[in-house]
Amino acid sequence: MASPEPPIRGAYGEIITDGKSQKYCDQVKSEVEEKTGKEYTEYVAKQYRIEPAGGRNFLIKVHVGGDDHVHLRVYEKLPCNGGGLELSNMQQSKSHHDPIEYF
């Protein structure tokens with residue numbers, strides 16, 4: 001299977017389903033749980049999109065049990081800016097069928 005085309009700076013690329021975003025989700029899980037007031041036993045990244053922008057923005061769909069999903073916007077800073085991840089925003093009460101679009 002061919003790799004998806006790299007996104008253009010300032011635009012989100014194609015939806016990717018290879019599971020590589022799980023490590024980003026895991027790093028912000030405690031913050032997600034704090035914001036939602038819930039503890040997730042199921043927390044699996046299903047799809048994501050990337051936007052290169054002075055670092056990388058990720059839009060990630062995460063399955064959190066049953067029919068429930070959350071959408072995360074995670075920013076990965078460039079190493080010259082200290083590196084690390086930030087949970088920029090999130091949406092709750094999403095379903096498997098909801099598209100992952102900028103919010």
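The values are calculated or read from the model by the stated rules, or taken from the named source; none is laboratory data. Predicted model only: the values in this text are computed from it and were never measured. Every residue, glycine among them, receives a Cβ derived from its backbone with ideal geometry; neighbour counts consider all protein chains shown. Only protein heavy atoms, including side chains, enter the accessible area calculation; ligands, DNA and RNA are left aside. Shrake-Rupley method; radii C 1.70, N 1.55, O 1.52, S 1.80 Å.
Taking the Cα centre of the chain as the origin, how large is its charge dipole in debye, to the nearest 20, when only Lys and Arg (+1) and Asp and Glu (-1) carry charge on their Cβ atoms? Could you put the intermediate results ahead of the total?
Values: 13 positive and 16 negative charges, 53 e Å.
Approximately 260 debye in magnitude.
When the chain is treated as a GNM, springs tying every alpha-carbon pair under 10 Å, which of Lys35, Lys61, Lys20 comes out with the largest mean-square fluctuation?
Lys35
Express the accessible area of the chain per residue in Å², computed with a 1.4 Å probe while the remaining protein chains stay in the model. Could you put the intermediate results ahead of the total?
Numbers: 6220 Å² over 103 residues.
Averaged over the residues of the chain, the accessible area is 60 Å².
When the chain is fully extended, how far beyond the present Cα-Cα distance does Lys38 get from Phe103, taking 0.36 nm per residue of separation? Before the final figure, lay out the partial values.
On the way: separation 65, 0.36 × 65 = 23.40 nm, distance 2.15 nm.
Gain in length upon complete extension: 21.3 nm.
Output ³J(HN,Hα) for region 89-94: one whole-Hz value per residue in order, computed from phi by the Karplus curve 6.51 cos²θ - 1.76 cosθ + 1.60 with θ = phi - 60°, and x for Gly and Pro.
6, 7, 10, 9, 6, 9
Please report, as a whole percent, how much of the solvent-accessible surface of the chain comes from carbon and sulfur atoms (probe radius 1.4 Å).
On the way: 2860 of 6220 Å².
The C+S portion of the solvent-accessible surface of the chain is 46 percent.
How much length, in nm to one decimal, is gained on full extension between Asp26 and His96, taken as 0.36 nm per residue of separation minus their Cα-Cα distance?
23.3 nm
Let's see if you can work this out: charge +1 on each Lys and Arg Cβ, -1 on each Asp and Glu Cβ, no other charges. What is the dipole magnitude of region 48-100 about its Cα centre, in debye to the nearest 20? Show your work: numbers first, answer last.
Working: 6 positive and 6 negative charges, 31 e Å.
Here the size comes out at about 160 debye.
Can you give the calculated 222 nm mean residue ellipticity of the chain, where each DSSP H run of n ≥ 4 adds -39,500 (n - 2.57) and the sum is split over every residue, rounded to the nearest 500 deg cm²/dmol? Each step should come with its number before you reach the end.
On the way: 1 runs with 15 residues, N = 103.
Helices in the chain give a 222 nm mean residue ellipticity of -5000 deg cm²/dmol.
Compute the Cα gyration tensor for the chain, then decide on rounded, prolate or oblate, letting a ≥ b ≥ c be the square roots of its eigenvalues: rounded whenever a/c is under 1.5, prolate when a/b is larger than b/c in the other cases, and oblate in all that remain. Write out the running numbers ahead of the final one.
Working: a/c = 1.89, a/b = 1.27, b/c = 1.49.
Oblate, since a/c reaches 1.5 and b/c is not below a/b.
Once the dipole of the chain is set up with Lys and Arg at +1 and Asp and Glu at -1 on Cβ about the Cα centre, which of Gly13, His71, Met90 lies farthest towards its positive end?
Gly13
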